[in-house]
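Here the structure comes first, spelled out in structure tokens, and everything after it is commentary.
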Amino acid sequence: NFDVIGSAHNLNEIRIKEKQNVKKIFLSSLFKKNKNFIGINRFKILAQLTKKNIVALGGISQDNKKKLSLINQSDFAGISYFE
């Protein structure tokens, strides 16, 4: 038995993941300034628009991990963090 996890970059994709009944949604990109960059403010807004568990993703490193407190987020994933 395992949890189904999905990823999203905007509200439309969050709604799709909700319909797919995922348990957690990776929401990105929090810090990495790529085409899916959402930043702290939009991340906070999007995370509040769903009851699903949100996991922060995108450019999280040892240097900016403390900023996760700004979004009340303890769940995160990221390759940069472990490099």
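The values are calculated or read from the model by the stated rules, or taken from the named source; none is laboratory data. Keep in mind it's a predicted model, so treat the numbers as computed, not measured. Virtual Cβ from ideal backbone geometry, glycine too; neighbours counted across all protein chains shown. Ligands, DNA and RNA are stripped out before the accessible areas are found, and what is left, the full protein with its side chains, is counted by its heavy atoms. Shrake-Rupley method; radii C 1.70, N 1.55, O 1.52, S 1.80 Å.
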Notebook entry, point to check: What angle, in degrees between 0 and 90 and rounded to the nearest 10, separates the Cα long axis of helix 39-48 from the longest principal axis of the Cα atoms of the chain?
Noted result: 30 degrees
Item checked: Neighbourhood net charge (12 Å Cβ-Cβ; Lys/Arg +1, Asp/Glu -1) for G6 -> +3
Next item on the list: Would you mind checking which residues have amide H under 5 Å from I54's amide H? H placed 1.01 Å from N; only 5 or more apart, or other chain.
Entry: I25
Next item on the list: Among I5, I38, V22, flag the residue with its Cα farthest along the positive direction of the charge dipole of the stretch 1-75, charges on Cβ as +1 for Lys/Arg and -1 for Asp/Glu.
Entry: I38
Next item on the list: Quote the charge dipole size of the stretch 5-83 about the Cα centre in Debye, to the nearest 20; the model charges only the Cβ of Lys and Arg (+1) and of Asp and Glu (-1).
Entry: 220 debye
Check: Cross-link partners among lysines for K17, C-alpha distance below 16 Å, same-chain residues fewer than 8 apart left out?
Finding: K51, K52
Note to self: Give me the percent of accessible area attributable to carbon and sulfur for the chain, probe 1.4 angstrom.
What the structure shows: 49 percent
Next item on the list: Counting only heavy atoms of the protein chains, get the accessible area per residue of the chain (1.4 Å probe) and round it to a whole Å² value.
Entry: 68 Å²
Notebook entry, point to check: Extension gain I45-S7, at 0.36 nm per residue separation less the Cα-Cα distance, in nm?
Noted result: 12.1 nm
